[in-house]
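The values are calculated or read from the model by the stated rules, or taken from the named source; none is laboratory data. In this text, all values refer to a predicted model and were calculated from it rather than measured experimentally. Glycine also receives a Cβ, built like all others from the backbone with ideal geometry; neighbour counts cover every protein chain displayed. Ligands, DNA and RNA are stripped out before the accessible areas are found, and what is left, the full protein with its side chains, is counted by its heavy atoms. Shrake-Rupley method; radii C 1.70, N 1.55, O 1.52, S 1.80 Å.
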Amino acid sequence: GPAALVSRRRGRPSNRCYPAVLRSEVLALITATYADFGPTLACEKLAERHGIDLGVETIRRWMIAADLWQDRKQRLKRVHQPRYRRDCVGELIQIDGSEHYWFEDRGPSCTLLVYIDDATSRLMHLKFVETESTFDYFRSTREYLEAYGKPVAFYSDKHAVFRVNGKGAVGGDGMTQFGRALHQLNIDIICANAPQAKGRVERANGTLQDRLVKELRLAGISTLEAGNAFLPAFMADFNRRFAKAPSSDKDLHRPLSEDDELDDVFAWREERTVSRSLTLQYDQVLFILEPDAVTMSLARQKVQVYDYPDGRFAIKHKGLELPYRTFDRRQQVDQAAVVENKRLGSVLAYIAERQKELDMSRSRKAPRRRGQAKSLFKVG
């Protein structure tokens, strides 16, 4: 019958295959020494250094099976299909920060925050900042909302300002401070999985790094303040020439309401527990609540610390601002201190080390002070 036509060697290893021991030895050598080698180079080194003569295709098949190599189809770049524009203005706003030498050799490197509408490729808002920080995005986004209203969603990359990237993050609600602010305003934040997904703002960055740099050179601008004053006129001319007409005339921006307290929304907020002595700690600073009828009952209660972009601080409980005084816990050398001549060298070394620490951020858990108004962090 048909069973008699089936070879008796079906399902058995070939008589011409290499022993399994040799295959295991070769893969172990490749994994230990030649993990980043291609099959051809690995085959040559096995013959030269170990006396193992095998065919290149044999090594290639073994490496592919052991996930040490990818064939040509697997190594092809991922295809990114173009995405149609959104229909309405304000439906999706792409945001990104472009770090570049915008003032060439006339000034330091800085970052341009770019807000571009997906439906029209219209530049909605531009702002020069020193770094791409949370406080900078707070101020820039507030300026955008005050000019246009609230869009449906922002589309960004996976920068730490927009997304919690820590794999071991187990505490909190999974939102960054910027995400919390947008959620409070009923605005969604969507993070793209690849730069190609937000191609409109990426291509706009490339165009701006060419055109805007030359326009700033012709205007003789070399500072952030002068650059930000120049941007509105540049955006108007850019949009007149390159913006597209939307598919729908409807504008999906929503007006700000009276309940949208932008000062409190765009502030770094953290929760603290008041001690029995009516104190709490934030960014290595001890805040002492002034005893009164409200604060006396707040021992072991939760309060909110508001760290504003302009450097102001506030401690609130159920919307009520609490009076406080501060005590800076960082040790410093007293100004005009009397120091003996023999101790002068060691004291100067100590001062230098403390100054290096003071120039850095105060606490790892507190917000980075980049983007916050300078000389306003006054405590102690």
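Using the Cβ of LEU145 as centre and a radius below 12 Å, the other residues enclosed give a net charge of +1, where K and R count +1 and D and E count -1. Its Cα gyration tensor gives the stretch 1-145 an equivalent ellipsoid, and the semi-axes of that ellipsoid, as √(5λ) in whole Å with the largest first, are 59, 26, 12.
Normalised by residue number, the volume inside the convex hull of the Cα atoms of the stretch 252-292 is 122 Å³ per residue. The heavy atoms of HIS50 offer some 80 square angstrom of accessible surface to a 1.4 angstrom probe.
Here the stretch 6-76 is assigned +1 on the Cβ of each Lys and Arg and -1 on the Cβ of each Asp and Glu. Its dipole about the Cα centre then comes out at about 600 debye. Between amide H atoms placed 1.01 Å from N, distances below 5 Å from LYS127 occur with LEU113, all of them 5 or more places distant or on a separate chain. Expressed as a whole percent, the proportion of Cα-Cα pairs in the stretch 101-173 lying more than 19 Å apart is 48%.
Per residue, the stretch 84-172 exposes 40 Å² of solvent-accessible protein surface, assessed with a 1.4 angstrom probe and all protein chains in place. Per the Debye formula on identical point scatterers at the alpha carbon atoms of the stretch 195-300, with no solvent, log10 I(q)/I(0) at q = 0.13 Å⁻¹ is -0.82.
With a ≥ b ≥ c the root eigenvalues of the C-alpha gyration tensor of the stretch 1-80, is it rounded (a/c under 1.5), prolate (a/b larger than b/c) or oblate? Oblate. Here the stretch 266-305 and the stretch 82-161 have alpha carbon centers that stand 35 Å from each other. Over the Cα atoms of the stretch 57-114, the radius of gyration divided by the Kirkwood radius equals 1.33; this is the Rg/Rh ratio. Separation of the stretch 178-250 and the stretch 4-45, taken as the distance between their Cα centroids, equals 55 angstrom.
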